[in-house]
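The values are calculated or read from the model by the stated rules, or taken from the named source; none is laboratory data. All figures in this text were calculated on a predicted structure; none of them were measured in a lab. Here the Cβ positions follow ideal geometry from the backbone for every residue, glycine too, while neighbour counts run over all protein chains shown.
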Amino acid sequence: MEFQASYDYFSLLNIVLYYYGISNNLFLDSLDSKLNNQVAILICGHGSRNKLAITEFQELTKLIQKRYPTILVEYGFLEFAKPSLVDALDKLRNHSIKKVIAIPAMLFAAGHVKNDIPSLLMNYSNKTGIEIIYGRELGINNLMISAACERVKDVFKQNDNLKPEESLLVVVGRGSSDPDANSNVSKITRMIVEGIGIGWGETVFSGVTFPLVEPGLKNVVRLGYKNIIIFPYFLFSGVLVTRIKRQSDLVAINNPHISFIHAKYLSSQTYVVDTFVERIEEILNNEGKNFMNCSTCKYRSNLFGFEEEVGMIQESHHDHVEGLGISCDLCDPECNGACEIQNQISTHNQEKSNLGKDDYLEHEHEHEHEHLEGHQHEHNHHQHSIYPNAKHPLGPVTLRLPNKDQILRKSVENN
């Protein structure tokens, strides 16, 4: 209310100045500056141990800052990287910010967007009194569809003999225990297929749900297409993007007559930056209203197969990894999977290997959750809702990264 009252006061004073014929351009500039100094934008990232992913995220925030030169733009991470969201909010408070527009840098609304980030923001707001307005995830719009299509079109530009109608597109989504988010990946696939005129399209996932990359591709190769384009629908680089390529290599070894071509992830394309601006403007121009679609949210609607999750308490489960710095120094700079090779012989992984399948699935999260040096916690530290398809034969444990020796060994066996 204090923010709104100050605005009304200056608006009234501006009318008085206008009535007496006093030039008010300088006054308006001063007013805009005062208001903008009270408002800031916070880009809420997931976080990664991969240096390239963090660098790409930082580049994105710089591009957003250029769109709002008079408003402070900060960023923070939910887990695995610094600054944490709390650190970023503390920094904004130190700049005397009164209102924060928080935008989740997530493609779709699953656990991080619906539970972890808003819980953290709400707790911080309650403790400090700072006003935080939470915006939408990137979601599906014409801009994000264009960003995806551009990545696939780049493949055809780089391969002159490749024809869209003779190619098969496989879009790889992150995967979550939220059916609404998973179904949106399938929608992206269809939009690309129809937009470009590709022969066929399929959707697979890197973890949590099904089908995973390898079993999904094993089914795809039966369709008879000689060219398969694999597009990771991810914002930035990271270990999952590397895993996707390695897993597809395993399938490619058994199918030498098929060409597997990898498209680049989304990155900071203009279309992506435009979508962030769209999410920010939704708040600036609509009195802080959030336009998130709740009609197919498993917490609010009685979705078939997920009825038990309606009304479930939505809270964050990421205190144990919040604020952890980058701990992987093996990337060059893109993830090469070297950390997982070390991980396979670590004490923690030996202990985890003794768990039963059900225990492991219960521990599985909707994010990259390797346990490197400096990050250990008890397996019973919190409970998630049980994913109805946790024992599906084509998933949903997050795919592991085969090393080059495994791929080479499989190639020798097939020859």
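Annotations
- Applying the criterion of being farther than 15 Å from GLY224 by Cβ and touching a strand residue (DSSP E or B) at 6+ places or on another chain (Cβ under 7 Å) to the residues of the stretch 195-209, the residue that is surrounded by the fewest Cβ atoms within 10 Å (Cβ to Cβ) is THR203.
- Within the stretch 58-76, the set of residues being more than 19 Å from ASP87 (Cβ to Cβ), assigned to a helix (DSSP H, G or I) and not aliphatic (A, V, I, L, M) comprises GLU59, LYS66, ARG67.
- Residue identified as surrounded by fewer than 20 Cβ atoms within 10 Å (Cβ to Cβ), closer than 20 Å to LEU284 by Cα and among the hydrophobic types (A, V, I, L, M, F, W, C) among LEU92, LEU52, LEU72: LEU72
- Unique residue being at pLDDT 95 or above and either more than 24 Å from VAL273 (Cα to Cα) or buried (at least 16 other Cβ atoms within 10 Å of the Cβ) (or both) when the list is LYS127, LYS114: LYS127
- Residue tally, condition within 16 Å of the chain's Cα centre (by Cα) and hydrophobic (A, V, I, L, M, F, W, C), over the stretch 205-231: 3
- When the stretch 77-87 is limited to residues that are outside any helix (DSSP H, G or I) and not hydrophobic (A, V, I, L, M, F, W, C), the one that is nearest to VAL113 (Cα to Cα) turns out to be GLU79.
- Number of residues in the stretch 60-76 that are more than 17 Å from the chain's Cα centre (by Cα) and in contact (Cβ under 8 Å) with a residue 60 or more places away in the chain equals 3.
- Residue match in the stretch 232-245 (condition: at pLDDT 95 or above, on the phi > 0 side of the Ramachandran plot, over 15 Å from the mean Cα position of the chain (by Cα) and not hydrophobic (A, V, I, L, M, F, W, C)): no
- Of the residues GLY135, GLY76, the single one that is touching a Cys at 6+ places or on another chain (Cβ under 7 Å), closer than 13 Å to LEU42 by Cβ and at pLDDT 95 or above is GLY76.
- Highlighted here are the helices (runs of 4 or more DSSP H) found entirely within the stretch 116-233 that include at least 2 residues which are in contact (Cβ under 8 Å) with a residue 12 or more places away in the chain and within 30 Å of ASN286 (Cα to Cα): 117-128, 142-158, 179-196.
- Scanning the stretch 241-256 for residues that are assigned to a helix (DSSP H, G or I) and of a type outside the set (D, E, K, R) returns VAL241, THR242, ILE244, GLN247, SER248, LEU250, VAL251, ALA252, ILE253.
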